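Trainee: Sharing a structure below in structure tokens format, with a few things to ask.
The values are calculated or read from the model by the stated rules, or taken from the named source; none is laboratory data. Remember, predicted model here, so these are calculated numbers, not experimental data. Every residue, glycine among them, receives a Cβ derived from its backbone with ideal geometry; neighbour counts consider all protein chains shown. Protein only, heavy atoms only, side chains kept; ligands, DNA and RNA dropped before computing areas. Shrake-Rupley method; radii C 1.70, N 1.55, O 1.52, S 1.80 Å.
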Amino acid sequence: MTYTIAITGKGGTGKTAIAAMLIRHLVESEVGVVLAVDADPDANLADVLGVRVERTVGDMRELMLESVNDLPPDINKESMFQAKIYEVIEEFKGYDLLVMGRPDGPGCYCYVNNLLRGIMDKVMRNYDVVVIDTAAGLEHLSRRLIRNIDVLLVITDASRRGIRTAERIRELASSLNLNVKKLYLVLNKVRDESRTELEKVARELSLEVVGSVPYDEHIAMLDLLDEPVGSMENGSAALEQVREIAKRLLATKAT
Ligand SMILES: Nc1ncnc2c1ncn2[C@@H]1O[C@H](COP(=O)(O)OP(=O)(O)O)[C@@H](O)[C@H]1O
Ligand SMILES: [Mg+2]
């Protein structure tokens, strides 16, 4: 069974950095076949992982939209489009990466999005773990291109706006009727001074905290040097905490 982890939260809270560290941990601990999905329209997971991706699902969706009416009626459009999506998946050392890319433009995407939904389900079923980096708006999730999320990790920093966005995401996830089995809060860029207070706020809001990732100078420095966070040295305090979170998630998965 595929285990799907989606990461969301306010912009700048560290979703992509945490996604990259999580992917790194999953690859190193050989949990199975890993798919990383960049579902943020402002895609930069590849950069943070230190790899390059040329094409996106969004590009393919445009092609599908342009060609769908010209295809002969007897052709199986689903399998044709599925092959197109497989072309977009890039293979890297230990994991595959799929970038969703731009959201729908003007036009009628219902038909192609319906096809895509089924295709995405099938693609994801080939993997043991899927990690999805999303935006706070839950763009691709709300269009149901990606369904069946086992864990939604909502990232917040020690800011009121980060916490408010987390609350909004919780409401959005339930009002959109997304199939999210579990929602956890991850505290990121936490400094010792604010940890207790932040945990208290989360408790008051009944947001279950699955882990607390410290502010880490290594990450800040890599960012400044334009080096991928995913390539950080072992022993980084943030990476160690992300490893702990991954272990907790995988332990609950097993039960
Ligand atoms: N634990 C951390 N310690 C220090 N800097 C961090 C940490 N997590 C993220 N950052 C930095 O915060 C900034 C925003 O992170 P990013 O992952 O791009 O956020 P998001 O994807 O939520 O917009 C980046 O400069 C990143 O390097
Ligand atoms: Mg991001």
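Trainee: Can you say whether K182 is touching a residue at least 40 places away in the same chain (Cβ under 8 Å), within 27 Å of L26 (Cβ to Cβ) and surrounded by fewer than 18 Cβ atoms within 10 Å (Cβ to Cβ), as far as the supplied structure shows?
Mentor: Working: touching a residue at least 40 places away in the same chain (Cβ under 8 Å): yes; within 27 Å of L26 (Cβ to Cβ): yes; surrounded by fewer than 18 Cβ atoms within 10 Å (Cβ to Cβ): yes.
It is true that K182 is touching a residue at least 40 places away in the same chain (Cβ under 8 Å), within 27 Å of L26 (Cβ to Cβ) and surrounded by fewer than 18 Cβ atoms within 10 Å (Cβ to Cβ).
Trainee: Hey, another quick one. Give the stretch 131-182 a look and list any residue that's touching a helix residue (DSSP H, G or I) at 6+ places or on another chain (Cβ under 8 Å), part of a strand (DSSP E or B) and away from ligand 1 (no atom under 15 Å from the Cβ), or say none.
Mentor: Hits for the stretch 131-182 are I149, D150, V151, V180, K182.
Trainee: Hey, among the residues in the stretch 18-46 that are within 10 Å of ligand 2 (Cβ to nearest atom) and open to solvent by 20 Å² or more (accessible area, probe 1.4 Å), which one's nearest to D216 (Cα to Cα)?
Mentor: Going through the qualifying residues, I end up with N44.
Trainee: Hey, another quick one. One residue is enough: does the stretch 224-236 have a residue meeting the conditions open to solvent by less than 30 Å² (accessible area, probe 1.4 Å), more than 16 Å from ligand 2 (Cβ to nearest atom) and either in contact (Cβ under 8 Å) with a residue 60 or more places away in the chain or under 27 Å from D128 (Cα atoms) (or both)?
Mentor: There is at least one residue in the stretch 224-236 that is open to solvent by less than 30 Å² (accessible area, probe 1.4 Å), more than 16 Å from ligand 2 (Cβ to nearest atom) and either in contact (Cβ under 8 Å) with a residue 60 or more places away in the chain or under 27 Å from D128 (Cα atoms) (or both).
Trainee: Anything in the stretch 193-221 that is open to solvent by less than 30 Å² (accessible area, probe 1.4 Å), without any contact (Cβ under 8 Å) to a residue 60 or more places away in the chain and either within 15 Å of ligand 1 (Cβ to nearest atom) or not in a helix (DSSP H, G or I) (or both)? List them, or say none. Before you say what the answer is, go through the steps one by one.
Mentor: Narrowing the stretch 193-221 to residues open to solvent by less than 30 Å² (accessible area, probe 1.4 Å): 198, 201-202, 207, 210-214, 216.
The next check asks that each one be without any contact (Cβ under 8 Å) to a residue 60 or more places away in the chain; those that pass are 198, 201-202, 207, 210-212, 214, 216.
Answer for the stretch 193-221, where residues must be open to solvent by less than 30 Å² (accessible area, probe 1.4 Å), without any contact (Cβ under 8 Å) to a residue 60 or more places away in the chain and either within 15 Å of ligand 1 (Cβ to nearest atom) or not in a helix (DSSP H, G or I) (or both): L198, L207, V210, G211, S212, P214, D216.
Trainee: Taking into account only those residues within the stretch 106-136 that are without any contact (Cβ under 8 Å) to a residue 12 or more places away in the chain and not hydrophobic (A, V, I, L, M, F, W, C), which is nearest to ligand 2 (Cβ to nearest atom)?
Mentor: By that ranking, first place goes to P106.
Trainee: Please verify whether the stretch 64-71 includes one or more residues that are surrounded by fewer than 17 Cβ atoms within 10 Å (Cβ to Cβ) and under 17 Å from M100 (Cβ atoms). It would help to see each step written out before you state the result.
Mentor: Taking the stretch 64-71 first, the residues surrounded by fewer than 17 Cβ atoms within 10 Å (Cβ to Cβ) are 66-71.
From the residues that got through so far, the ones that are under 17 Å from M100 (Cβ atoms) too are none.
The answer is no, given that none of the residues of the stretch 64-71 is surrounded by fewer than 17 Cβ atoms within 10 Å (Cβ to Cβ) and under 17 Å from M100 (Cβ atoms).
Trainee: Then there's this: Looking at (1) touching a helix residue (DSSP H, G or I) at 6+ places or on another chain (Cβ under 6 Å); (2) open to solvent by 10 Å² or more (accessible area, probe 1.4 Å); (3) in a strand (DSSP E or B), find the lone condition where K189 falls short.
Mentor: (1)
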